[in-house]
Each structure stands twice: as C-alpha cells, then as structure tokens.
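J.: Structure incoming, see below.
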Amino acid sequence: MTTTQVGIVGAGPAGMLVATLLRRAGVDCVVVEQRDRAYVEQRSRGGTVEHRVVDLLRRHDLAGGLLATGQVENKIEFRMAGRRYPLRYDPVAQGRSHYIYPQQFLVRDLVEAYLADGGDLRFETPARVITGIEGDRPRIEVESPSGGSEVIECDVVVGADGEYGVARRTVPAGALHAYEHQYGYAWLAVLAQAPPSSDCVINSIHESGSCVHVRRTPEVSRFYLQCARDDTTEDWPEERIWKEIRLRLALDEPWTLHEGPILSTGTVRMRSLVCAPMRHGSLFLAGDAAHVVPPVGGKGFNVALADAEELALGLMDRFLRHDHERLDAYSPTRLARIWRVQEFVHWMMDLVNTPGLGTPAAPFLHRVQMARLERIVASPPYGAAFLEDYIGYW
Ligand SMILES: Cc1cc2nc3c(=O)[nH]c(=O)nc-3n(C[C@H](O)[C@H](O)[C@H](O)COP(=O)(O)OP(=O)(O)OC[C@H]3O[C@@H](n4cnc5c(N)ncnc54)[C@H](O)[C@@H]3O)c2cc1C
C-alpha cells in the first residue's frame, strides 16, 4: 500500500497541473493514469490557449514550451455566403491574444516538469474503485501494469479523470446533481497533415452545417464539420470530407485551401454538462470530470487548467498552512465561473452551428443565425461583448 497526501486520478491537463504545482510546493502526491505515457503525450484534442491561462502558466514558470513554439492568434474570422467577416481582438483585447499550442504538448511539458521534480506518476495504472470519500482516509484501488492490484491511501482524492472517469461515479446518488444539455447534431473532428489555410480560426456558417478550421502546428490543421448526431466516421470517407470543407469554406474571392492526408477522424457528440457540487467529502473533481463544454470557442481545456490551479492553491493552503478556507470555497468559486462559460458556449453554439439541421425549422433558424453574425460585425458594442467572452476577459 502507498500512502500520500493527495491521490490524483488522471494525467490529462487538469491532473498534471495539480500534480506539478503540489509537487513544487512540497505537498506529497501520487498520480495514476490508465494509459501509457506516449498515448497521453500524443492525444490530440484542444489547442487554443487563452491569455489568462498563458498568464497562469507563466506565474508558475510552466510556459516555456508554449512561449517558444506556440503561435499567437489575435483575430477570428467568420465566413458566410461567400464573404469573410474578420474580427480583430484589438482594441477590445488591449494587446491580449490567444496562443495556439496543442494540448498534448502542454501535457508533455507538465509530465516532464513533474518527473524532473521527482514526482510519482504511474502510467498504465487505472483506478478501479475509490472508497472512503466521506471519511478522512479515502483509498484509490488501482490495477498495476503487471495486472495485480494496489491501494493508494491519501487525505484527499483529486478526480481529474475526464468525462467518462470513475471519480464522479464514486459520489453517492443524490449528493451530486448533473445538469446536462444535448445538442441535436455532432461534429466530425478531422486532423489533417496540411499546413493551416489561415492565420486564425475560421468559423464558417453554412446552410449545410458549420465548418471550423483551426491551426494546430505549421504542418497540421484541424477541421470540424457539423454533421448528423448519429453519423459515424464510416459515413465520412476522405473524399466526402474534403468536398464538404471546400463547399462550406468557399469564398467569392480567390483563396487557397491546403489539403493533405487525413491523420484521424472522430465524431464529437455535442453536449454540455455541469456536475455540482465539485466536491464530496474528501473527493474533489476538476476539469472534464466535473463539467464538459462542446469544443466551440475552445474553452474546455482552459477551464480545466483554471480548476486545477484553484484546487492546487486550496490544497497548498490546507496542507502547508492548515487553512481550509480556499479549499472549502473551491466548488462555489469554480462553479460561478463555469456557468458563465457554459452560457457563452451555449450562445456561440447557435451562432456557429446551423440550429435544427435536417428539420423544417432549419432554413428559418439559419437566417436568424446569419442576422446574429451581421449584428456582431455591424454593432461595435455587440461585437465587443462577443470578443470579451471569446478572448476570455473574466
Ligand atoms: C476533439 C476535441 C477537441 C477539443 N478542442 C478544444 C479546444 O480547442 N480548446 C479547448 O479549450 N478544449 C478543447 N477540447 C476539450 C479539452 O480537450 C478537454 O476539456 C480537456 O482535455 C479536459 O482536460 P482534463 O484533464 O479534465 O481531462 P482529460 O484530458 O480527459 O484527461 C483525463 C485523463 O484521465 C485518464 N483516466 C480516465 N479514467 C481513468 C482511470 N479510471 N484511472 C486513471 N486514469 C484515468 C485519461 O486517460 C486521461 O488521460 C476538445 C475536446 C475534444 C474531444
């Protein structure tokens, strides 16, 4: 049996940031991760980093990789009916920008920093059960890489094991409320070995459904295509993917779409979820384990990291200064922020995606969507309100 102060389930962005901060502060912790190191360091998901998360990483001296190779993004482009609608962040942003830095690169940086500090990180070690969370010595029962089982006994468990992990399911029925909203469509997420075709994100509004184009690295681009909720990757052969991307991003002026081999495709069910409270006894939930937003607006990874910092600071107060106040306020502090993000993403879903796709209401809703975009571009106060949320002002 291993004993520690904080047992962390999941080595994604949230789990690794909590672990790295605790380790540096001298709080003892153990991280267990079900997958191997190569998998977590190569899993391509988000990559749009808000300025306040860049500041957070800078504060903790963890922004080296991001600042060295991340690409600055200071505008967003919409497309509709063959026209571009660019929106520059300034003057609203006053110099603040996004960074494009793939999520898996940040996970790699955090894993390296944690291990360099002597941290205990166990890959290929899935947590099977978490017990005793209503007491003060909870236990994580894990399967070790050799197939045996082991127990990690701790003071606090951090459930940072993503949308489908075990931690949230450990909370007794009735003690946690899951607020959920399902959208009637999905996104096909496509990663292509093709240089980006734009120096900023493109959100194209189209009656066939949205198309979003995002930079990842100078050689790799991401595309999202709105599709039917039950579509599978078999419904989307390579030829169909490029045909739809060309159609939905089309402009009435010359422009070049860079195409290339498709590296991966997957479908993303569009759903929003908030589990409240984010704490039960000695279990604290962080990141996707507690809340999920659809990828529109690039918020999920950013809120996961913000949870992680707040939780780590609360745990430091508790273990190093015997002060429980910040940790006790963790769930209400973060939920206030998370509901604000949920409100914005919910609104932006109807801006970018064609609502009611495939239903008789779609032509009407598409025109409402077009009018909303016209208003963002035509009205400086409305455009500024959009940018404040999109850039992540508060
Ligand atoms: C296609 C796609 C694109 C996205 N794009 C963006 C974007 O542009 N910007 C943005 O901000 N967000 C984006 N997101 C959302 C973002 O990726 C997530 O919000 C983020 O990964 C959450 O981090 P996390 O650490 O909470 O969870 P995760 O990244 O899911 O990490 C959880 C970890 O826990 C591990 N785990 C699970 N169960 C167990 C167990 N039983 N035992 C041990 N380990 C376990 C998992 O293997 C995983 O490593 C996107 C998501 C998807 C799917």
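J.: Note the full-extension length gain between A385 and E325 as 0.36 nm times their separation in residues minus their Cα-Cα distance, in nm to one decimal.
T.: Gain in length upon complete extension: 18.3 nm.
J.: Over the chain, calculate the relative contact order: mean separation of alpha carbon pairs under 8 Å at least 6 apart, over the residue count, as a percent.
T.: 20 percent
J.: Based on the Cα coordinates of the chain, what is the per residue volume of their convex hull in Å³?
T.: 146 Å³
J.: Does anyone have the angle between helix 103-116 and the longest principal axis of the chain? Alpha-carbon axes, 0 to 90°, nearest 10?
T.: So the inclination is approximately 20 degrees.
J.: Enter the Cα centre distance for the pair the stretch 109-160 and the stretch 288-319, rounded to the nearest angstrom.
T.: Cα centroid to Cα centroid, the span is 19 Å.
J.: Another one. Whenever you get a sec, compute what percent of the accessible area on the stretch 117-176 sits on carbon and sulfur atoms (1.4 Å probe).
T.: About 46 percent, which is the carbon plus sulfur part of the accessible surface.
J.: Taking all protein chains in place and a 1.4 Å probe, what share, in percent, of the accessible surface of the stretch 260-394 do carbon and sulfur account for?
T.: Carbon and sulfur: 60 percent of the exposed surface of the stretch 260-394.
J.: Once you sort the root eigenvalues of the Cα gyration tensor of the stretch 186-243 as a ≥ b ≥ c, which label holds: rounded (a/c under 1.5), prolate (a/b larger than b/c) or oblate (the other case)?
T.: Judged from the Cα gyration tensor, the stretch 186-243 comes out oblate (a/c at least 1.5, b/c at or above a/b).
J.: Determine the shape class of the stretch 21-96: with a ≥ b ≥ c the square roots of the Cα gyration tensor eigenvalues, call it rounded for a/c under 1.5, and otherwise prolate if a/b is greater than b/c, oblate otherwise.
T.: oblate
J.: Whole-Å semi-axes of the stretch 99-143's equivalent ellipsoid, largest first, each the root of 5 times a Cα gyration tensor eigenvalue?
T.: 29, 13, 12
J.: Send over the semi-axes of the stretch 207-360's equivalent ellipsoid, whole angstrom and largest first, taken as the square roots of 5 times the C-alpha gyration tensor eigenvalues.
T.: Over the Cα atoms of the stretch 207-360, the semi-axes work out to 39, 17, 14 Å.
J.: Using a simple spin-label model with points 7 Å from Cα along the Cα→Cβ vector, what separation in nm is obtained for T69 and R337?
T.: Here the answer is 2.7 nm between the modelled labels.
J.: Right, another one. Please list, short to long, the whole-number percent of alpha-carbon pairs of the stretch 308-394 in consecutive 5 angstrom bins beginning at zero.
T.: Reading upward from the zero bin: 3, 12, 15, 14, 12, 11, 9, 8, 7, 5, 3, 1, 0.
J.: Measuring with a 1.4 Å probe in the full set of protein chains, what accessible area per residue, in whole Å², belongs to the stretch 1-145?
T.: Dividing the accessible area of the stretch 1-145 by its residue count gives 41 Å².
J.: Relative contact order of the stretch 67-160: what whole-number percent is it, with Cα pairs under 8 angstrom and at least 6 residues apart?
T.: Worked out over the stretch 67-160, it gives 16 percent.
J.: Among the DSSP beta bridges whose two residues both lie in the chain, what percent are antiparallel, rounded to the nearest 5?
T.: So the antiparallel bridges in the chain amount to around 70 percent.
J.: Normalised by the residues of the stretch 153-259, what does the relative contact order come to in percent, with Cα pairs under 8 Å and at least six apart?
T.: Taking the mean separation of contacting Cα pairs over the length of the stretch 153-259, I get 25 percent.
J.: For every helix of n ≥ 4 consecutive DSSP H residues, a contribution of -39,500 (n - 2.57) applies; sum these over the chain, divide by its total residues, and give [θ] at 222 nm rounded to the nearest 500 deg cm²/dmol.
T.: -11000 deg cm²/dmol
J.: Around R215, under 11 Å between beta carbons, what's the net of Lys plus Arg minus Asp minus Glu among the other residues?
T.: -1
J.: In addition: Please work out how much length the chain gains when fully extended from R84 to D252, using 0.36 nm per residue of separation minus the C-alpha to C-alpha distance, in nm with one decimal.
T.: 59.6 nm
J.: What shape does the stretch 99-201 have by the C-alpha gyration tensor, where a ≥ b ≥ c are the square roots of the eigenvalues, rounded means a/c under 1.5, and otherwise prolate means a/b greater than b/c and oblate the rest?
T.: Verdict is oblate for the stretch 99-201.
The values are calculated or read from the model by the stated rules, or taken from the named source; none is laboratory data. Since we're looking at a predicted model, the values are computed, not measured. Positions of Cβ are backbone-derived with ideal geometry, glycine not excepted, and every protein chain shown enters the neighbour counts. Calculation scope for accessible area: heavy atoms of the full protein, side chains included, ligands and nucleic acids excluded. Shrake-Rupley method; radii C 1.70, N 1.55, O 1.52, S 1.80 Å.
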